[in-house]
Amino acid sequence: KLGESTILGYLGHVAHLLGQHQTAVNYYQQALPIQQKLEDKTGQSDSLTNIGIVYDSLHQYQTALVYYEQALVLQKALGEPARIAKNLSHQGVAYKNLSDYREALAYFEKALKIQQEIDDQSSIANNLTNLGTVYDSLGQPKKALESYQKALKIHRALNDPSTIATTLTNLAITHDNL
C-alpha cells in the first residue's frame, strides 16, 4: 500500500506539471486515505501540501491555505523544521497573492527564523527575496533593498545564476521606484 500511495503522489506531481490540476488533486486525495491507514504522517503532510500547491497555481489561495494548515499540524507533530519552514513560506506566498501583506510578512518571518536555526541557506535566500517583495508591496523600499541584498549575498555564495539574476532584477526595480 505504501508503494501505491507513493505512485499516486508521483502521478499527482506529473499531472500538476502538465497543467492537469484537477487530476493532480484527485491523485493526491486518493493517496491520503492510504497514508492515513498506514499512519504515514509524512506522506499525508506531503499530499496535503501538494494539494495546497495545486490550488495556489489555480489562484484559489484560500483553499490552498486550508490544505497548508492541515499539513502544518502534521509537520509540527512530526517535529520537522525544514517542512514546517517550507509550509510557512507557502502560506506566506498565498497571503501575498491575496494582498494580505502583513500576514504574508508574519509567515515569511516565522519561516526565516526556522530556516536560520537549521542553516538552510538556499531557503533563507529565497525567503529573503519573498520578504523583499512584500516590503516593496508595503511601500518600504529600504527594507526591500536590505532583504534583496542579503538574499543576493547568499545566492552568490551558492553560485545559483538563475536566482542571482532574479534578485538583481528585483534590486534594480526597487532602486527605480525609490
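The values are calculated or read from the model by the stated rules, or taken from the named source; none is laboratory data. In this text the structure is predicted, and so the values were computed from the model without any measurement. Cβ atoms come from the backbone with ideal geometry, glycine included; neighbour counts cover every protein chain shown. Side chains included, ligands, DNA and RNA excluded: accessible areas come from the protein's heavy atoms. Shrake-Rupley method; radii C 1.70, N 1.55, O 1.52, S 1.80 Å.
Structure above, values below:
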{"quantity": "Scope the stretch 56-84; condition among the hydrophobic types (A, V, I, L, M, F, W, C) and either crowded, with 24+ Cβ neighbours inside 10 Å or not in a helix (DSSP H, G or I) (or both); matching residues", "calculated": "Leu58, Ala64, Ala71"}
{"quantity": "Identity of the residue in the stretch 27-40, touching a residue at least 12 places away in the same chain (Cβ under 8 Å) and among the polar types (S, T, N, Q), that ends up most open to solvent (accessible area, probe 1.4 Å)", "calculated": "Gln30"}
{"quantity": "Which numbered condition Ser5 misses (of (1) among the hydroxyl-bearing types (Ser, Thr, Tyr); (2) modelled with pLDDT under 95; (3) surrounded by fewer than 17 Cβ atoms within 10 Å (Cβ to Cβ); (4) in contact with a helix residue (DSSP H, G or I) (Cβ under 6 Å, 6 or more places away or on another chain))", "calculated": "(3)"}
{"quantity": "Residues (out of contact with any Phe, Trp or Tyr (no Cβ under 9 Å at 6 or more places or on another chain) and crowded, with 20+ Cβ neighbours inside 10 Å) located in the stretch 41-55", "calculated": "Gly43, Gln44, Ser45"}
{"quantity": "Contacts under 9 angstrom Cβ, first residue in the stretch 143-156 being more than 19 Å from Asp120 (Cβ to Cβ), partner open to solvent by 30 Å² or more (accessible area, probe 1.4 Å) and outside any helix (DSSP H, G or I), 6 or more apart", "calculated": "Ala144/Leu138; Ala144/Asn177; Leu145/Leu178"}
{"quantity": "Subset of the stretch 85-103 [out of contact with any Lys or Arg (no Cβ under 9 Å at 6 or more places or on another chain), surrounded by fewer than 20 Cβ atoms within 10 Å (Cβ to Cβ) and closer than 18 Å to Gln60 by Cβ]", "calculated": "Asn97, Leu98, Ser99, Asp100"}
